[in-house]
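The structure appears below as structure tokens.
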Amino acid sequence: MVSIQAIRGMPDVLPDACNLRAQLLRAASEIIESYGFREISLPLLEKTELFARSIGEVTDIVEKEMYTFDDRNGESMTLRPEATAGVVRAVVQHSLAHGGAQKLWLAGPMFRYERPQKGRYRQFNQINVEAFGLAGPDIDVELIAIGARLWKRLGVSHALTLELNSLGDGEGRQRHRAALVEYLRGHADVLDADATRRLESNPLRVLDSKNPDMQAMLAGAPQLPDFWDAESREHFETLTARLDALGIAWTLNPRLVRGLDYYSRTVFEWTTTELGAQNAVCSGGRYDGLVEQIGGKPTPAVGFAIGVERLVALMEAAGAAPEPVADVFLAALGGAAEAQAPVLAEQLRDALPGLRLLVNAGGGSFKAQLKRADRSGAQFALVLGDAEVESGTVQVKPLRVREDQQAVAQAALADFIRKQWSAAPAS
Ligand code: ATP
Ligand code: MG
């Protein structure tokens, strides 16, 4: 029979990659929570209307990337293509921002019907950080600092550049729009089909185009910073001064607009040159109007999303390795030893929570078991034969350094391992 393959663009994440992702998630949750953010968990499915209303009808995501279907009741549902819309929906539904600021984060899969390629999938993962009720720019600075701290922890700072812009606000944004439409009309011959269609309905999106044939034309388009109002300029200048004080390097990208409609003022992207065309690893910005648009009270908000697969690819490029399966491997041979092995193992687990202890299963000679021990990546093997059972000891055999094995009393084994374990280089 023909075997069944996974859906295109929805890759299985095998254990090595899963482990790198887990390392990333551990570091991210620890850092994000150290800034006072709390985790929230939301459904993968939302009513289609939520995304149309928040992301914007005339955007890549809503026009061509959503997994939308009618459920059995004929109601239109969509697998979330991004997280902010759902977070805002939940904040409004549960009045989460009424008592003051609300700092939330979440991690999980997103779904977009895109052309699958390296770094671009149809199911991919994001880590999202969102702050409500704070007008900034202090909180904008904090979000960027969280990213910078995480890149440092993961050893990928060298590969990432922070690009900043402000979309401005109110009247200035309107004037920019008018100037942009006029400019684009004057270059109608260069516009591709998407751009032509968006010229009237959503001209800002044209700036976001990745079409190489339009880049030269777009380089000459009216730039947002020339249209900033006084408050937007001040917001941007305070933000960048504080980034400077933190030693976080940034560059102004006057053409950065982000692909979703809901942004206002601050927008930013952490980009890399190491992943080919898929250069955005983390993107975010301010969306002061969205909560009201979704039916809540006016609430300033700002957030960002990390593309987990792209960040894992950067970690791999920087030499990050999956953690070994085991710290310690327990080998046992002979009736009495094999009977005692699980008891000893459970005692060690009681004494040393978090120790990765792999107990031999499936029998085999000591030689075969020690081969498995080596493959497991363990620092050392505990060897238990009937003679050791008799004497109440275990032979401890170092696997990664040239040292002799030694007999250790079973009663002292947990202490012995604790010392060796904490001496092992942290992974
Ligand atoms: P891109 O410009 O690469 O299409 P985007 O602007 O659509 O990205 P966002 O909607 O801002 O991306 O999503 C935040 C982050 O999620 C991106 O910076 C990127 O790292 C990641 N991301 C977006 N789409 C995908 C995808 N299809 N596969 C993997 N990661 C993705
Ligand atoms: Mg995209």
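The values are calculated or read from the model by the stated rules, or taken from the named source; none is laboratory data. Keep in mind that what you see is a predicted model, and the values were worked out from it rather than measured. Ideal geometry is used to build each Cβ from the backbone, glycine not excepted, and the neighbour counts take in all protein chains shown.
Restricting attention to region 6-27, the residues being closer than 19 Å to ALA305 by Cβ, more than 14 Å from the chain's Cα centre (by Cα) and in a helix (DSSP H, G or I) number 0.
Scanning region 64-95 for residues that are within 16 Å of ligand 2 (Cβ to nearest atom) and surrounded by fewer than 12 Cβ atoms within 10 Å (Cβ to Cβ) yields a single hit, LYS64.
Considering region 231-275, and only residues there that are aliphatic (A, V, I, L, M), outside any loop (DSSP other than H, G, I, E, B) and under 22 Å from ALA219 (Cα atoms), the residue that is farthest from ligand 1 (Cβ to nearest atom) turns out to be LEU252.
Considering region 28-81, the qualifying strands (runs of 3 or more DSSP E), each wholly inside and each with 1 or more residues that are among the hydroxyl-bearing types (Ser, Thr, Tyr) and either in the same structural domain as GLY307 (by TED's automatic domain parsing) or more than 16 Å from ligand 1 (Cβ to nearest atom) (or both), run over 67-70, 76-79. Evaluated against (1) assigned to a loop (DSSP other than H, G, I, E, B); (2) touching a residue at least 24 places away in the same chain (Cβ under 8 Å); (3) not β-branched (Val, Ile, Thr), GLU403 falls short on exactly one condition, (2).
Within region 82-116, being in a strand (DSSP E or B) and either within 16 Å of ligand 1 (Cβ to nearest atom) or of a type outside the set (D, E, K, R) (or both) holds for GLN102, LEU104, TRP105, LEU106, ALA107, GLY108, PRO109, MET110, PHE111.
Scan region 40-54 and give yes if some residue there is within 28 Å of ALA195 (Cβ to Cβ), surrounded by 16 or more Cβ atoms within 10 Å (Cβ to Cβ), touching a residue at least 12 places away in the same chain (Cβ under 8 Å) and within 16 Å of ligand 2 (Cβ to nearest atom), otherwise no. Yes; the residues of region 40-54 include at least one that is within 28 Å of ALA195 (Cβ to Cβ), surrounded by 16 or more Cβ atoms within 10 Å (Cβ to Cβ), touching a residue at least 12 places away in the same chain (Cβ under 8 Å) and within 16 Å of ligand 2 (Cβ to nearest atom).
As a summary of the residue check, LEU14 satisfies the conditions (1) more than 16 Å from ligand 2 (Cβ to nearest atom); (2) of a type outside the set (Val, Ile, Thr); (3) surrounded by 11 or more Cβ atoms within 10 Å (Cβ to Cβ) except for the one numbered (3). Checked against the criteria, ARG255 does not count as under 18 Å from ARG175 (Cβ atoms) and under 24 Å from the mean Cα position of the chain (by Cα).
Only a single criterion out of (1) in contact with a Leu (Cβ under 8 Å, 6 or more places away or on another chain); (2) at pLDDT below 95 is not satisfied by LEU154, namely (2). Of all the listed residues (ARG310, ARG349, ARG372), the sole one being assigned to a helix (DSSP H, G or I) and within 16 Å of ligand 2 (Cβ to nearest atom) is ARG310. Taking every residue in region 56-78 that is in contact (Cβ under 8 Å) with a residue 60 or more places away in the chain and pairing it with any residue that is assigned to a helix (DSSP H, G or I) and within 16 Å of ligand 2 (Cβ to nearest atom), at least 6 positions away or on another chain, the pairs with Cβ-Cβ distances below 7 Å are GLY56/VAL62; VAL58/ARG198; VAL58/ARG205; THR59/ARG205; ILE61/ILE55. Condition check for PRO137 on (1) under 30 Å from PRO43 (Cβ atoms); (2) touching a residue at least 60 places away in the same chain (Cβ under 8 Å); (3) crowded, with 22+ Cβ neighbours inside 10 Å: one failure, at (1). Against the criterion of being within 23 Å of GLU309 (Cβ to Cβ) and touching a residue at least 24 places away in the same chain (Cβ under 8 Å), PHE227 does not qualify.
Looking at region 327-339, is at least one residue surrounded by 12 or more Cβ atoms within 10 Å (Cβ to Cβ), under 38 Å from the mean Cα position of the chain (by Cα), part of a loop (DSSP other than H, G, I, E, B) and of a type in the set (Asp, Glu)? So far as region 327-339 goes, yes, one or more of its residues are surrounded by 12 or more Cβ atoms within 10 Å (Cβ to Cβ), under 38 Å from the mean Cα position of the chain (by Cα), part of a loop (DSSP other than H, G, I, E, B) and of a type in the set (Asp, Glu).
Among the conditions (1) in a helix (DSSP H, G or I); (2) within 14 Å of VAL343 (Cα to Cα), the only one that LEU384 does not satisfy is (1). Considering LEU218, LEU207, LEU224, the condition of being outside the structural domain of GLU130 (by TED's automatic domain parsing), away from ligand 1 (no atom under 12 Å from the Cβ) and in contact with a Gly (Cβ under 7 Å, 6 or more places away or on another chain) is satisfied by LEU224 alone.
The number of residues in region 96-118 that are in contact (Cβ under 8 Å) with a residue 24 or more places away in the chain and either more than 16 Å from ligand 2 (Cβ to nearest atom) or surrounded by 18 or more Cβ atoms within 10 Å (Cβ to Cβ) (or both) comes to 15.
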